[in-house]
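Some notes on the structure that comes next.
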Amino acid sequence: MGYAVTIFEALHVTGGVLSYGIPEFRLPKSIVQKEIEALKGTGVEIISNTVIGKTLSVDDLLNSGGYKAVFIGSGAGLPKFMNIPGENLNGVYSANEFLTRINLMKAYLDGSTTPIHHGKKVAVVGGGNVAMDAARCARRLGAEVTIIYRRTEKELPARAEEVEHAKEEGIVFLFLTNPVSIAGNEKRWVTSITCEKMKLGEPDASGRARPEPIVGSETVIESDCVIMALGTSPNPLISSTTAGLDIQKWGGIITDEQDGKTSREGVYAGGDAVTGAATVILAMGAGKRAAEAIDAYITE
């Protein structure tokens, strides 16, 4: 539409979750880079190593920065944990950290400045697409991998083909199983994870059968690495530093569904920062609708 556009990126590499979250075997980075170069070719400026809400605020952009409008597409990168004993031991990762270290930092290479722990027996807790990505990456690093999920295979939120690929690669699934604690050695490295068996009860708020623990069913699974893939929520950094920006109780930015307009004039948002963890295609659609709305806002 002829506007001067600047993208502010928190990391040193652009592309967001397409670059640091989705493994190479699912989305080749050459494809992502081609899209980024195409954007640069249209004149889009990309400023990396800039954390909005810390390095600069939304107010800085609108006031001293001279920008007419701001679109927030910061995603949902804040990992969730179970808050069980032992979750702070060495060898326990969020799926976000595990995948970022592998995809972005190449931490699996010998001589890496930020090496990742090469577990021999890895437990992945969760059943979504991110859990499958983390499990398959760990498998490629030579580990025996077990996915622990508290419901049955029928309730798995991951895409069926991702589950099938994980099985083909030798990943084991433990259904109706839920972690209750993680044990470690004297050096505070993970040695095992204790789980209890579950049974399905009445549906919960999500419409899925609620898992309920079976008393006295605890079992110990030997493991030297545990990856928590329990979902994510939007990081509160931007919302907490932007006055007048309304958010949901769980942290998502409240917008007009049609155009991404927020409660703050001149500020629009879309993607996972609004919806919570969803898909790339939904985020792309939100960005395009917001661009049209921003054009209307500036020219009105």
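Read-outs: derived from the displayed coordinates by stated rules, not from any lab. Computed from a predicted model, the values in this text were never measured in an experiment. Positions of Cβ are backbone-derived with ideal geometry, glycine not excepted, and every protein chain shown enters the neighbour counts.
Of the residues PHE71, PHE81, the one with the fewest other Cβ atoms within 10 Å heads the list, and the complete ranking is PHE81, PHE71. Number of Lys-Lys pairs in region 81-230 with C-alpha atoms under 28 Å apart and a separation of 8 or more places or on different chains: 17.
In debye, nearest 20: dipole of the chain around its Cα centre with unit charges on the Cβ of K, R (+) and D, E (-)?
560
If you run the Gaussian network model on the chain, springs between alpha carbon atoms under 10 Å, then out of MET132, MET105, MET228 the most flexible one is MET105. The Cβ shell under 10 Å around SER263 holds other residues with a net charge of -1, Lys and Arg each +1, Asp and Glu each -1. When you filter the trypsin sites (Lys or Arg not before Pro) in region 1-79 for DSSP loop state and at most 16 other Cβ atoms inside 10 Å of their Cβ, you are left with ARG26, LYS54, LYS68.
Name the residue farthest towards the positive end of the dipole of the chain from the options VAL13, VAL32, TYR108, assuming +1 on Cβ of Lys and Arg, -1 on Cβ of Asp and Glu, about the Cα centre. Of the candidates, TYR108 comes out farthest on the positive side.
Helical content alone sets the calculated 222 nm signal of the chain at -7500 deg cm²/dmol, taking -39,500 (n - 2.57) per DSSP H segment of four or more residues and averaging over every residue.
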